[in-house]
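Novice: Before I ask anything, here is the structure I am working with.
The values are calculated or read from the model by the stated rules, or taken from the named source; none is laboratory data. Keep in mind the model is a prediction, meaning the values are calculated, not measured. Methodologically, a virtual Cβ is constructed for each residue, glycine included, from the backbone with ideal geometry; neighbour enumeration extends over all protein chains shown. Accessible surface is based on the protein model in full, side chains and every heavy atom, while ligands, DNA and RNA are left aside. Shrake-Rupley method; radii C 1.70, N 1.55, O 1.52, S 1.80 Å.
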Amino acid sequence: MSIQPIDLPPELVKTLKAIHRVAVMTGAGISAESGVPTFREAQTGLWSQYDPQDLATPEAFDQNPGLVWEWYAWRRGLISQSQPNPGHLALVQMENLFSQFDLITQNVDGLHRRAGSQKIIELHGEIFRTKCSRENKIVTSWPETSDIPPRCPDCNAFLRPDVVWFGESLPQRAFSAALEAAKTCQIYFSIGTSSVIEPAASLPIIALQNGAQVIEINPHHTHLTPQSTYSLRYPAGEVLPALIKELT
Ligand code: BV8
């Protein structure tokens, strides 16, 4: 990744030094520099013929639980080889700079937690957590068998990843916390997300409606760009450390 000179708007830095309440929303783009493919990128190898939106659904799991389980196992393998990048680490530092700081993530890769972020609102679950597909309770161990997916040790239903599939509701507590953060923040960062997936994509609009400024960090234009107060066209792993440097 070429380290290009980062040109931060001076008035943004001034505002960040003066405010106390920040909300951050991250998407797959913040993990791109850790080598985790984003959702929109073509998948590699075996999975190139599948659209993630066709696999990350209850219907796909009902139809072919083994295929969906193997897809998540492949993704877990990819993510296990990845490390948090300077973008994740800068957000850990940012947490301590503001009296109210909420980190909301659409990502399921667990990299914010591995980076050291404490207060994380996981809107779409976490790929390394497994739950019973019938009882919906987290399962941490199960007998090793040839079953793919493995089965719940209590009720024998298939196990599944503890992530939110398309068509499934978000965890109520997580979404309520994210909504509260969007309504009360003074600055809302939208980092590494195409801002398409609902209801996450509505949060920056709610922040704007409640008087916040929206700062987008994304090398590319997105649906949110026209409504953003600032759109910083840089990779998160480069601009977030530069921002922290200005604020500390
Ligand atoms: C729900 C977990 C109620 C699984 C995921 C209202 C209007 C329209 C549609 C809907 C609506 N309400 C509900 C829907 C349907 C649906 C939806 O939004 N569909 C879309 C296609 C329009 N939403 C749902 O189903 C949600 N449920 O609303 O419940 C309900 C209940 C029943 C019936 C109806 C409604 C559930 C959505 C959650 C789906 N699960 N993940 C898994 O991971 O396997 S979503 C998944 O895709 C990710 O978690 C993530 O959220 C999303 C991908 O988005 P991004 O993170 O933005 O990633 P993307 O690749 O798109 O973009 C990456 C960006 O990074 C790019 O812009 C790129 O430029 C940038 N980038 C690249 N490199 C860098 C970078 N940025 C910075 N630095 C870099 N270095």
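Novice: Count, please, the residues in the range 89-108 that happen to be among the aliphatic types (A, V, I, L, M) and open to solvent by less than 10 Å² (accessible area, probe 1.4 Å). Step through it out loud before you land on a result.
Specialist: Taking the range 89-108 first, the residues among the aliphatic types (A, V, I, L, M) are 89-92, 94, 97, 103-104, 108.
Those left that are additionally open to solvent by less than 10 Å² (accessible area, probe 1.4 Å): 90-91, 94, 103-104.
The qualifying residues number 5.
Novice: Can I ask one more? Scanning for something touching a Pro at 6+ places or on another chain (Cβ under 7 Å), at negative phi and polar (S, T, N, Q), does the range 66-88 turn up at least one residue?
Specialist: Within the range 66-88, none of the residues are touching a Pro at 6+ places or on another chain (Cβ under 7 Å), at negative phi and polar (S, T, N, Q).
Novice: Next question, about the same structure. Just one of (1) open to solvent by less than 30 Å² (accessible area, probe 1.4 Å); (2) in a loop (DSSP other than H, G, I, E, B) trips up PRO37, so point out which.
Specialist: Looking at each condition in turn, PRO37 falls short on (1).
Novice: If I ask for residues that are within 11 Å of the ligand (Cβ to nearest atom) and either within 10 Å of the chain's Cα centre (by Cα) or open to solvent by 50 Å² or more (accessible area, probe 1.4 Å) (or both), which ones from the range 9-34 would you list? First the steps, then the outcome.
Specialist: Residues of the range 9-34 within 11 Å of the ligand (Cβ to nearest atom): 25-34.
Scanning the range 9-34 gives MET25, THR26, GLY27, ALA28, GLY29, ILE30, SER31, GLU33.
Novice: Kindly check whether there is at least one residue in the range 98-106 that is part of a loop (DSSP other than H, G, I, E, B) and out of contact with any helix residue (DSSP H, G or I) (no Cβ under 9 Å at 6 or more places or on another chain).
Specialist: Start the filter on the range 98-106 by keeping residues that are part of a loop (DSSP other than H, G, I, E, B), which leaves 98-99, 106.
From what's left, out of contact with any helix residue (DSSP H, G or I) (no Cβ under 9 Å at 6 or more places or on another chain): 99.
Yes, because at least one residue in the range 98-106 is part of a loop (DSSP other than H, G, I, E, B) and out of contact with any helix residue (DSSP H, G or I) (no Cβ under 9 Å at 6 or more places or on another chain).
To keep it simple, each residue is scored yes or no on (1) touching a Pro at 6+ places or on another chain (Cβ under 7 Å); (2) within 25 Å of ASP51 (Cβ to Cβ); (3) within 16 Å of the ligand (Cβ to nearest atom).
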residue	(1), (2), (3)
SER133	no, yes, yes
ASN136	no, no, yes
GLU144	no, no, no
ASP147	no, no, no
CYS155	no, no, no
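Novice: Could I ask something else about it? Take the range 163-185 and flag every residue that is more than 10 Å from the ligand (Cβ to nearest atom) and not small (Gly, Ala, Ser). Let's see the steps before the verdict.
Specialist: First pass over the range 163-185, keeping only residues more than 10 Å from the ligand (Cβ to nearest atom): 171-174, 176-185.
Correct list: PRO171, GLN172, ARG173, LEU179, GLU180, LYS183, THR184, CYS185.
Novice: Now for a different question. Residues of the range 65-88 being assigned to a loop (DSSP other than H, G, I, E, B) and open to solvent by less than 70 Å² (accessible area, probe 1.4 Å), which ones?
Specialist: Our first condition is that a residue be assigned to a loop (DSSP other than H, G, I, E, B); within the range 65-88, this holds for 81-85.
Result: SER82, PRO84, ASN85.
Novice: Pick out the one residue from ARG160, ARG151, ARG129 that is within 20 Å of ARG76 (Cα to Cα), open to solvent by less than 30 Å² (accessible area, probe 1.4 Å) and of a type outside the set (Val, Ile, Thr).
Specialist: ARG160
Novice: Within the range 109-126, work out how many residues are in a loop (DSSP other than H, G, I, E, B) and either among the β-branched types (Val, Ile, Thr) or surrounded by fewer than 19 Cβ atoms within 10 Å (Cβ to Cβ) (or both).
Specialist: Looking only at that region, the number is 3.
Novice: Kindly provide the set of residues from the range 114-149 that are more than 24 Å from VAL68 (Cβ to Cβ) and not polar (S, T, N, Q), ordered by number. Lay out the reasoning, then the answer.
Specialist: So in the range 114-149, the residues more than 24 Å from VAL68 (Cβ to Cβ) come out as 114-121.
ARG114, ALA115, GLY116, LYS119, ILE120, ILE121 - these are the residues of the range 114-149 that are more than 24 Å from VAL68 (Cβ to Cβ) and not polar (S, T, N, Q).
Novice: From VAL92, VAL108, which residue is away from the ligand (no atom under 13 Å from the Cβ), under 15 Å from the mean Cα position of the chain (by Cα), among the hydrophobic types (A, V, I, L, M, F, W, C) and modelled with pLDDT of 95 or more? So that I can check it myself, show each step before the final result.
Specialist: On the way: VAL108 fails: away from the ligand (no atom under 13 Å from the Cβ).
Residue meeting the stated conditions: VAL92.
Novice: Can you name every residue in the range 195-248 that is within 7 Å of the ligand (Cβ to nearest atom) and either more than 17 Å from the chain's Cα centre (by Cα) or over 16 Å from LYS183 (Cα atoms) (or both)?
Specialist: Correct list: SER195, VAL196, ILE197, GLU198, ILE217, ASN218, PRO219, HIS220, THR222, PRO235, ALA236, GLY237.
Novice: Something else: Give the range 146-199 a look and list any residue that's touching a residue at least 40 places away in the same chain (Cβ under 8 Å), of a type in the set (A, V, I, L, M) and over 25 Å from THR130 (Cβ atoms), or say none.
Specialist: If the condition is that a residue be touching a residue at least 40 places away in the same chain (Cβ under 8 Å), of a type in the set (A, V, I, L, M) and over 25 Å from THR130 (Cβ atoms), then ALA181, ALA182, ILE187, ILE191 are the ones that fit.
Novice: Quick check on the range 219-248: of everything there that is polar (S, T, N, Q) and closer than 25 Å to HIS20 by Cβ, which residue is least open to solvent (accessible area, probe 1.4 Å)? Give the derivation first.
Specialist: We begin by selecting, within the range 219-248, every residue polar (S, T, N, Q); these are 222, 225, 227-229, 231, 248.
Next, from what is left, pick out any that are closer than 25 Å to HIS20 by Cβ: 227-229, 231, 248.
Details: GLN227: 91, SER228: 20, THR229: 66, SER231: 43, THR248: 109 Å².
Once the filter is applied, the top-ranked residue is SER228.
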